[in-house]
Every structure is written in C-alpha cells, then in structure tokens.
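S.K.: Below is one structure. I have some questions about it.
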Amino acid sequence: LLGFDACVQCGKCEAACPAYAAGQPLNPKKLIQDMVVGLAGGTDAHFAGSPYPGKPVGEHGGNPHQPIVDGLVDADTLWSCTTCRACVEECPMMIEHVDAIVDMRRFLTLEKGATPNNGAQVLDNLIATDNPGGFAPGGRMNWAADLNLDLMRDIPSVDVLFWVGDGAFDMRNQRTLRAFVKVLKAAGVDFAVLGLEERDSGDVARRLGDEATFQALARRNIQTLGQYRFKRIVTCDPHSFHVLKNEYGAFGGEYLVQHHSTYMAELIDQGALALNADTGGSVTYHDPCYLGRYNGEYEAPRAVLRALGIEVKEMQRSGFRSRCCGGGGGAPITDIPGKQRIPDMRMDDIRETGAERVAVGCPQC
Ligand code: SF4
Ligand code: SF4
C-alpha cells in the first residue's frame, strides 16, 4: 500500500499501456489509484482521470477486510495485462504494477480456480504434458529428427546447453530452431540438448498465477539440469531465458543463461562465424518485452543484424519504449476483448517504418 501511495498520477503508465490503448478494461494508473483509495476503505467515485475502457467510475470500492477481486478490482482488468512492464519502465515512482497484478491473479487461479477462457486448459496441459499446448511429450524433438543432435544424457559435459523451449512444438518456430542449430554447427560450438528431458520453463504458469505449477516445473527442470555439466545455457526464447536466468535462482538453479542473439553477437565478435551479406529487403526490429525491458538486451540483436549488413529501420516505439506485441503474460490465452487487438497496433507500428521485413527475437511475438 505504501508503494502505491507514492503514485503522483502522472499518467505515464496509462500512456504506455498497450492493453489500455487497445480498449481492454485496464488502465494501470487507475489500478494503482483504486488500490490506494480502496485499501483505505474508499471508492473510485472521485477518480478524475480516464476510466478503465468500458467501465464507468463509481462502481469500485474496497476495504482491508474484503477480497480485492471483485469489488475493488475486476478480474478482467487483471487478465488484460500482458505483463509487458511498459508501465513499470515509465513510472517515475518505481511502482511495480506487474508484481501487483500477478499477485492478484494468483488469488484468482489458486484460490478460486477462475483462470478465464483457455487458461484452465493450458494449466491442465502443463500438468499433464509439460507443455502448454498439450502436445504428446514424446514429440518434443521431432523438429530435429534429421539433425543428429547430441543429448546431454549421452555426453559428460558441453560448453553450451541449447534450451529449445516449447517452440519445439510450433512449426514456424521449428524453422528458427533449425536455423540456430545451423549457426552453432557452423561456428563449431560444442553443444547438446536435453531432448525429452526438457520441460516447459514455467513462465506462462507463473504469469497466469499458477505458482504451484510453476514451482513444480522449475524444480523438475533444476533437478534435470543438476545432473549435467555445461558452461552456459543458450535459448531462442526470451521467456525461458528470463525464467532460467532470474527466477530459478530462488529454487537453487543458478546458471549463466544467454539469449541466442547475445551468443551469436559473441560468436561474430570472436570471428567464429563467416557471414554473407544479407540480400533481402529492409528490416525493422521488434524488441521482445522479456528480452528488452525485463533483461536490458537491446543491442545484441541489432549487432547481429548489422553484421549481416542490415541497417534497422527503427519503429518510433523501440528499445525500452517498445510496444508489446500482445503475446506475453498469458494474454492470448485469457483473451480479454477490447476495441482492437494489440498485435494489430504493433503491425501498424511496423508498417509506419516502411520496412519490408520485421525481425524479432521471440517465438511468442
Ligand atoms: S504490464 Fe503492460 S499491459 Fe500490463 S498494465 Fe503495465 S503497460 Fe499495461
Ligand atoms: S506512472 Fe507511476 S506515478 Fe505515474 S500515474 Fe502511473 S503509477 Fe502513478
């Protein structure tokens, strides 16, 4: 409550929020202000700013002795958030909107079993199959059937453990995975994969408020990783990257983890890759939230593109001000309707640059 009370109502979070811009029932400024008045026993009747899209002011109130959701905050407000951290990045008072939202989601998911739309199905899938799509776990390595990859369980130690991620089940992302394997082989990197021993990192379970499933997945992955010797983990998935790098430590999993763009930039600097100049059209680059704002990696993907002779046509909202694509935080799963879709707004940002292609470093974007 003291943290929320620091809000000076500047509206910077509101201006940055993709869910608010899309007309979904979320306004991070009002959320924080409602917490301030509601937890002191008041209502939002005197809130003078912009309401949650589609929700009139004066209908929300609370006190310290009743649940926050519903009453003070509606569930669809919480489920509209993509956890993109644009609000946190802009806030001059260092208010952590996302932590508050995920905390409240935890109550809805774990106490009430009220994860909307496909949320419950995805969480059931994670428990039953270790992947959110509910695919047969035995198919996790089908994308690499002809690549003859080394498995960690067959070799004593490697330099790089390539964490594949659940993009293994997605045909479009499989092309990225195969291309990255080509890069690793071309650079002569000593690497291996976990194969069928890899499980979902737990990212989406945690963002959907299912802390129990997140912790179960994290502990099992940490136990698996603990059997093997490697110098670093490299992954093409910023969500796995973030969780392995920053959230497994609390459970005893401390690793050097890199996004594949960071690792490729290193390989290029070392002269380990002989690159031909790109001959395609112009390119803009979309910064994934979990790589950029969450982990501060803006430069490596651009350095790799530069090394290919590509000059990036930047979007107006790029770098730490990048607009979320709408794919994070389980938002496509909970799927709260608005006036327009966040991905369509991002596609408009891309079109404005006039670039012929868009590069992105995340399977969910
Ligand atoms: S994390 Fe992103 S979507 Fe969620 S409230 Fe903040 S700006 Fe809006
Ligand atoms: S950016 Fe921070 S201080 Fe400004 S309105 Fe939002 S929560 Fe309040």
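We did not get these values from a lab; they are worked out from the coordinates using the rules stated. Predicted, not measured: the structure shown is a model, and the values here were computed from it. Quick reminder, even Gly has a Cβ in these numbers, built from the backbone with ideal geometry, and neighbours come from all protein chains shown.
S.K.: Report, ordered by chain and residue number, the lysines lying within cross-link reach of Lys30, taken as a straight Cα distance under 26 Å and ignoring same-chain residues fewer than 8 apart.
M.R.: Cα-Cα hits under 26 Å: Lys12, Lys55, Lys112, Lys339.
S.K.: If you plug each phi of segment 75-89 into the Karplus form 6.51 cos²θ - 1.76 cosθ + 1.60 with θ = phi - 60°, what whole-Hz ³J(HN,Hα) values come out, in order, with x for Gly and Pro?
M.R.: Coupling constants for segment 75-89: 4, 5, 5, 5, 7, 7, 6, 8, 6, 6, 6, 4, 5, 5, 4 Hz.
S.K.: When the Cα centres of segment 174-233 and segment 1-45 are compared, how far apart do they sit, in Å?
M.R.: Comparing the Cα centres of segment 174-233 and segment 1-45, I get a distance of 36 Å.
S.K.: Two decimals is fine: what's Rg over Rh for segment 2-111, C-alpha atoms, Kirkwood radius as Rh?
M.R.: Details: Rg = 12.6 Å, Rh = 13.7 Å.
Looking at segment 2-111, the ratio lands at 0.92.
S.K.: While we're on this one: Quick one: 3J(HN,Hα) in Hz for segment 125-132, Karplus 6.51/-1.76/1.60 with θ = phi - 60°, rounded, Gly and Pro as x.
M.R.: 4, 4, 6, 7, 10, 6, 9, x
S.K.: Compute the distance in nm between two label points, each set 7 Å from the Cα along the Cα-to-Cβ direction, one at His65 and one at Gln223.
M.R.: Distance between label points: 4.5 nm.
S.K.: Now for a separate question. Whose amide H sits under 5 Å from the amide H of Ala359, counting only residues 5 or more places off or on another chain, with H placed in the peptide plane?
M.R.: For Ala359, the qualifying residues are Thr284, Tyr285, His286.
S.K.: Using the basic label-point model (7 angstrom from Cα toward the beta carbon), what is the Asp5 to Thr279 distance in nanometres?
M.R.: About 6.7 nm separates the two model spin labels.
S.K.: Okay, next question. Report, in debye and to the nearest 20, how large the dipole of segment 283-360 comes out about its Cα centre when Lys and Arg carry +1 and Asp and Glu carry -1 on their Cβ. Write down the numbers at each step before the final one.
M.R.: On the way: 12 positive and 11 negative charges, 23 e Å.
My answer is approximately 100 debye.
S.K.: Counting only C-alpha contacts under 8 Å and six or more residues apart, can you give the relative contact order of segment 120-169 as a whole percent? Walk me through the numbers before you get to the answer.
M.R.: Working: 30 pairs, mean separation 15.6, N = 50.
With pairs under 8 Å counted, the relative contact order is 31 percent.
S.K.: Give the calculated FRET efficiency between Lys231 and Lys112 to the nearest 0.05, with a Förster radius of 35 Å applied to their Cβ-Cβ distance. Don't jump to the answer; show the numbers that get you there.
M.R.: Values: r = 44 Å, r/R0 = 1.25.
Rounded to the nearest 0.05, the efficiency is 0.20.
S.K.: Where does the chain land on the Kirkwood hydrodynamic radius, alpha-carbon pairs, in angstrom?
M.R.: Values: mean 1/r = 0.0461 Å⁻¹.
So the Kirkwood estimate lands at 21.7 Å.
S.K.: In addition: Could you work out [θ]222 nm for the chain from helices alone, using -39500 (n - 2.57) per DSSP H run of at least four and dividing by all its residues? Round to the nearest 500 deg cm²/dmol.
M.R.: Helix contribution divided over all residues of the chain: -9500 deg cm²/dmol.
S.K.: Lys182: which lysines have alpha carbons under 21 Å from its alpha carbon, excluding same-chain residues fewer than 8 sequence positions away?
M.R.: Cross-link targets: Lys231.
S.K.: Now a separate question. Kirkwood hydrodynamic radius, segment 119-269, all distinct C-alpha pairs: what's the number in Å? Intermediate values should be presented prior to the final figure.
M.R.: Details: mean 1/r = 0.0642 Å⁻¹.
About 15.6 Å for segment 119-269.
S.K.: List the aspartates and glutamates whose alpha-carbon lies under 17 Å from that of Lys313, not counting same-chain residues fewer than 8 positions away?
M.R.: Cα-Cα hits under 17 Å: Asp278, Asp287, Glu299, Asp348, Asp349, Glu352, Glu356.
S.K.: Consider just the alpha-carbon atoms of segment 283-360 and return their Rg together with their Dmax, both in angstrom.
M.R.: Just the Cα atoms of segment 283-360 yield Rg and Dmax of 13.2, 41 Å.
S.K.: Assuming 0.692 mPa s and 37 °C, estimate D for segment 215-262 with Stokes-Einstein, Rh taken as the Kirkwood radius over Cα pairs, in µm²/s. Could you put the intermediate results ahead of the total?
M.R.: On the way: Rh = 10.9 Å.
Approximately 302 µm²/s, per Stokes-Einstein.
S.K.: In the chain, with Lys and Arg counted as +1 and Asp and Glu as -1 at Cβ, which of these residues, Val183, Leu151, Val358, has the Cα nearest the positive end of the dipole, that is, farthest along it?
M.R.: Farthest towards the positive pole: Val183.
S.K.: Based on Cβ point charges of +1 for Lys and Arg and -1 for Asp and Glu, what charge dipole magnitude is obtained for the chain about its Cα centre, in debye rounded to the nearest 20?
M.R.: Values: 36 positive and 46 negative charges, 94 e Å.
Around 460 debye, computed over the chain.
S.K.: Which value in nm describes the separation of the simple spin-label points at Asn142 and Arg306, placed 7 Å from the Cα toward the beta carbon?
M.R.: That separation, rounded to one decimal, is 4.1 nm.
S.K.: Related question: Going by how many other Cβ atoms sit within 10 Å of their own, how do Trp79, Trp143 line up, fewest first? Walk me through the numbers on the way to the answer.
M.R.: Values: Trp79 28, Trp143 21.
If I rank by nearby Cβ atoms, fewest first, I get Trp143, Trp79.
S.K.: Here's another thing I want to ask about it. In terms of modelled amide H atoms, which long-range or inter-chain residues lie less than 5 Å from the amide H of Val257?
M.R.: Residues meeting the criterion, in which the H sits 1.01 Å from N, are Ile233.
S.K.: Can you order the peptides 251-261, 196-206, 335-345 by their average number of other Cβ atoms within 10 Å per residue, highest first? Show your work: numbers first, answer last.
M.R.: Values: 251-261: 18.4, 196-206: 23.5, 335-345: 15.5.
My ranking of the peptides, most packed first, is 196-206, 251-261, 335-345.
S.K.: Can you work out the FRET efficiency for the pair Asp269 and Glu314, with r the C-beta to C-beta distance and R0 = 30 Å, to the nearest 0.05?
M.R.: Numbers: r = 23 Å, r/R0 = 0.75.
Once the sixth-power term is evaluated, E becomes 0.85.
S.K.: Related question: Placing +1 on the Cβ of each Lys and Arg and -1 on the Cβ of each Asp and Glu in the chain, which of Leu267, Ala48, Ile222 has its Cα farthest towards the positive end of the resulting dipole?
M.R.: Going by the Cα projections, it comes out as Leu267.
S.K.: For segment 354-362, what does the Karplus curve 6.51 cos²θ - 1.76 cosθ + 1.60, with θ = phi - 60°, yield as ³J(HN,Hα) per residue in whole Hz, taken in order and with x for Gly and Pro?
M.R.: Rounded to whole hertz, the list is x, 5, 7, 9, 10, 9, 8, x, 8.
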